[in-house]
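Please treat every number below as a calculation from the coordinates, not as lab data. Here the structure is a predicted model, which means the values were calculated and not measured. Reconstructed Cβ throughout: ideal geometry from the backbone, glycine too, with neighbour counts over all protein chains shown.
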Amino acid sequence: MTMETTDRLLKATSQGQITLPKNWRSQFKTSYFSAKIRGNELVVKPTIIADDSGLVFKESFVRELKQSMKEIKEGKVIPLEKILKKYGI
């Protein structure tokens, strides 16, 4: 599969969400993406959450991810760096 490198203008929803085009997402074997601010850029990378046994989601990580999503919907935010540091990712 050829990686698409075309720039696209993505518009955030009123809730601040940005949808990655399906043909971009389908180039990666994951549904998870990490994002960070680097200078004046937003950097988004595909992320595979794994442990020694392969693609296994740790129950505690999934629980915290669900809690994070709930808090985001409520207008609260848990910094991604805090979650990644906690789980050594």
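Structure notes:
- With the simple model of a label 7 Å out from the Cα in the direction of the Cβ, residue 89 to residue 30 spans 0.7 nm.
- Stretch gain in nm, segment residue 72-residue 18, where the contour uses 0.36 nm per residue and the Cα spacing is subtracted: 18.0 nm
- Kirkwood Rh and Cα Rg combined as Rg over Rh, evaluated for the stretch 1-48: 0.95
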